[in-house]
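Report on the following structure.
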Amino acid sequence: MSLPSHAQYVVIGGGIIGCSTAYHLARDHKADVVLLEQGRLTSGSTWHAAGLVGQLRSSASITRVLKYSVELYKGLEAETGLATGWKMTGCLRLATNQDRWTEFRRLATTARSFGMDMHLISPAEVKRMWPLMDVSDLVGASWLPTDGQASPSDITQSLAKGARMHGAKLHEGVRVTGFGMDGDRIVTVRTSEGDIACEKVINCAGQWARQVGAMAGIEVPLQPVKHQYVITERIEGLATDAPTIRDPDRRTYFKEEVGGLVMGGYEPNPQAWETGLAGGDVPDDWEFRLFDDDYDHFEQHMTQAIARVPALETAGIKQMVNGPESFTPDGNFILGRANECANMFVGAGFNAFGIASGGGAGWVLAQWAVDGEAPLDLWVVDIRRFSGLHRDRAWVRDRTLEAYGKHYTVGYPNEEYESGRPRIVSPLYERLKGHRAVFGSKLGWERPNWFAPAGADARDVPSMGRQNWFGPVGEEHAQVREKVGIFDQSSFAKYEMTGRDALKALDFICANDVTRPAGHLTYTQLLNTRGGIEADLTVARLAEDRFYIVTGTGFRTHDFGWIDDHIPDGLDARLTDVTEEYGTLSLMGPRARDVLSAVTDADVSNDAFPFGRVREIGIAGHAVRALRITYVGELGWELHVPISATGDVFDALMEAGGSHDIRPVGYRALESLRLEKGYRAWGSDITPNDTPFEAGLGWAVKLRRNTDFMGRASLQGAASRPLTKRLMGFTVDDAEVMLLGRETILRNGESVGYLTSGGYGYTLGRGIGYGYVRNASGVDDDFLASGDYELVVATERVPARLHTKPLFDPEGRKVKA
Ligand SMILES: Cc1cc2nc3c(=O)[nH]c(=O)nc-3n(C[C@H](O)[C@H](O)[C@H](O)COP(=O)(O)OP(=O)(O)OC[C@H]3O[C@@H](n4cnc5c(N)ncnc54)[C@H](O)[C@@H]3O)c2cc1C
């Protein structure tokens, strides 16, 4: 079959992800698709995968993607005639200590919240289900009956056949060697067999995806890591339908295969595949290849596995598989379009769950490429969660190895990564260290999470219950509620939009009205075509044609890309990232005005400087952009300071605030303060799956103005229909109950949703959560008021109160930073 000279979509890579994407493009969108594979189909990582298929993740959307995979694998043979080897064996996860057991209890509740039945079972039940196992050290196990296993090569061949049946053209032995570009747009795909003109490219090149992306100017931050498992000879007494096993405390996994076992693991000392090629590239000629067996490195897994399944001691090893797989710095895969190239979509970095993800990832990636926007909330896997930092190969390698090493460690709440730190620091870093700051890291920035009192251990001590910072953070919280505190929020992402048509552009992109005169701030959501919330930020109008936009640290690349992409063609509007030009000090608390007026000549009275305004004021000889706004619900200002002056302004505020006991305050207190005030957090409470109406943010949508804006059409339709879900606040009376998010919401004993965030409100003295209450026939005020509510917290039912208003908001302010 000769190569066509043109295709609408060119998919690069014939592994499970490429084949699934081509299949969905052809089946669901009747698209004109060409798939190019440099070797033969499956010859990259796919052919040597172990084939365990798990479904539960901490994100509801990703769990949905994985559940879709299972549904697809179940039915694919009927469509294509090629079996996938799918077996619904169920999966047992083993717990050998109390912390792990607590993790599983939380996991079982998460599973229920996401509509899956995960059971917790006793060691005796485990023994009955898996008689060859030594259960003497078990506390118990979780049991997810709908998980299973499949044959990676067979699924891929079946998807490839299905893709062809729907009209896709798959070419093996064709290597992509480069791209012909027109600015940031790919116009031709250059291959070993000639050029193909195309509209969109989908980069599913597995561990080669980084170098394929680089040819189009984008960074795909992944690191190939060596991953090993063994396949044993037959083991007497092993059932062919034995559940797959994950034994995280022993860092190993098992699945039955032809009467024997596949056993592999995640070691704490993983080995990156460093090829020695320029830029760390992976060699092209790695078709159906493996590394040499490394029994020395694997011995740690073997020892643990024999302790769990003693029959392994005498079972013969049929084969060892030591293959490369792409891992990422946060353990999640990578989908979507990077800002640097207008028409390359990526599906790569599958962290050894590419077989489990393949079906669903292909579905959402195809839809994303066709529509230009993700079909559901895929933020945790979006390529725009990364930044310029991720161009640093050594940093990506170190962080990825840390994430790999933590794959099976107990997931303690609020855990931070340790590698590659400190990386980006604010000018206040040393000063804050002097105040005994305990830092966390976000997109490379060191940010104070809390401040350890003198004599206390200035570090996070992991724990499943209340952690060592609980008391000190309560004091910081009280300081802001009662007096005044300073948050260093210099890591906030900041952009400027300028140009004759800047207002026109933002008026189209923002759901709220940004046309207020210069000097005004607008808190606004940015909506997708479904009316879902793609971003949540503040726009300050500095002049007729100049706007300053502030958003969360982690959303820097994403929000920039979203705004830039949606500037209507032909308008004179330019977006610039100015993050590093400004330090940000948030001066918050009832005494904030006393402190601010002591350091500036400007009139900061309520009349002269009301809420929702931006002014330039002088502090310590520097021009400071002051935004009267709050995310904690107290009187306060965000002070955006020329970066080199951040220290001077901080010192001046600290000195002036001395008589008010001013002190620096960290991000954990911020979280507690915002939960009490009901300010939404993007990525958890509000996501692309949720409209402003559902999120209780309808007041920030300019439907009444006769102007077109992103999402308007869809919201207008929604405005006349009953809401089927609404974001509500919940509290629990028992102050000891810990809420973390994903707890199930019960109304009159029936599940109606789950918490999107959870934490502790120190002023209220109890746990607080937010979550959507759902009901297919509508969630109106009567429905909300007429229910009795409980939360399921780590499998225990706990009485809860529903709140329709912010929990602590005496002034009813609605604007956030
Ligand atoms: C030992 C091991 C065990 C695993 N076990 C499991 C498991 O139990 N469950 C699970 O879900 N996952 C598992 N995985 C992970 C799984 O194998 C991968 O996540 C998955 O195969 C990734 O598929 P892919 O399509 O992204 O990559 P690949 O299969 O590597 O496909 C990428 C393809 O792109 C082609 N390509 C690259 N560059 C070019 C170019 N320039 N031009 C044309 N073609 C190109 C390559 O030749 C390759 O075929 C395991 C991985 C390993 C290593």
Note on segment 522-548: residues of a type outside the set (G, A, S), within 25 Å of I218 (Cα to Cα) and not in a loop (DSSP other than H, G, I, E, B) are L526, E534
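Inside segment 157-220, counting only strands (runs of 3 or more DSSP E) that do not spill past its ends, which hold 3 or more residues that are modelled with pLDDT of 95 or more and away from the ligand (no atom under 13 Å from the Cβ)?
On the way: elements: 169-172, 176-182, 185-191, 194-203.
It comes to 176-182, 185-191, 194-203.
Kindly check whether there is at least one residue in segment 101-113 that is within 12 Å of the ligand (Cβ to nearest atom) and either among the small types (G, A, S) or at pLDDT 95 or above (or both).
no
Pick from A718, A735, A695: which is under 24 Å from G485 (Cβ atoms) and of a type in the set (G, A, S)?
A735
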Which listed residue is among the β-branched types (V, I, T) and modelled with pLDDT under 95, from T804, T795, T756, T744: T804
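Conditions tested, residue by residue: (1) charged (D, E, K, R); (2) under 30 Å from R175 (Cβ atoms).
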residue	(1), (2)
P283	no, yes
D294	yes, yes
Q304	no, no
P310	no, no
T314	no, no
I317	no, no
E325	yes, yes
Please go through segment 301-342 and give me each residue that is within 16 Å of the ligand (Cβ to nearest atom), among the hydrophobic types (A, V, I, L, M, F, W, C) and surrounded by fewer than 18 Cβ atoms within 10 Å (Cβ to Cβ), ordered by number. M302, I317, M320
With the condition being of a type in the set (A, V, I, L, M), over 37 Å from the mean Cα position of the chain (by Cα) and closer than 30 Å to I424 by Cβ, I'd like the helices (runs of 4 or more DSSP H) fully within segment 592-701 carrying at least 1 qualifying residues. 592-599, 646-656
Looking only at segment 457-488, and only at residues there that are among the basic types (K, R) and touching a residue at least 24 places away in the same chain (Cβ under 8 Å), the one that is nearest to V595 (Cα to Cα): K483
I16, sole failed condition from (1) more than 6 Å from the ligand (Cβ to nearest atom); (2) crowded, with 24+ Cβ neighbours inside 10 Å; (3) not small (G, A, S): (1)
Among the residues that make up segment 139-152, is at least one of them more than 16 Å from T244 (Cβ to Cβ), part of a loop (DSSP other than H, G, I, E, B), of a type outside the set (F, W, Y) and out of contact with any Cys (no Cβ under 7 Å at 6 or more places or on another chain)? yes
Hey, E274 hits all of (1) surrounded by fewer than 19 Cβ atoms within 10 Å (Cβ to Cβ); (2) within 13 Å of the ligand (Cβ to nearest atom); (3) not aromatic (F, W, Y) but one; which does it fall short on? (2)
Residue count for segment 50-85, restricted to those that are of a type in the set (A, V, I, L, M), within 29 Å of V189 (Cβ to Cβ) and within 14 Å of the ligand (Cβ to nearest atom): 2
Of residues in segment 31-49 being near the ligand (Cβ under 6 Å from one of its atoms) and among the hydrophobic types (A, V, I, L, M, F, W, C), the one farthest from the chain's Cα centre (by Cα): L36
Answer yes or no: is there a residue in segment 353-365 that is away from the ligand (no atom under 16 Å from the Cβ) and more than 16 Å from the chain's Cα centre (by Cα). no
Taking first residues from segment 439-456 that are on the phi > 0 side of the Ramachandran plot and second residues anywhere that are assigned to a strand (DSSP E or B) and at pLDDT 95 or above, the pairs with Cβ under 9 Å that are 6 or more apart or on different chains are L443/I424; L443/A493; G444/I424
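The values are calculated or read from the model by the stated rules, or taken from the named source; none is laboratory data. Because the structure is predicted, anything quoted here is derived from the model rather than measured. Note that we place each Cβ from the backbone using ideal geometry, even for glycine, and neighbour counts take in every protein chain shown.
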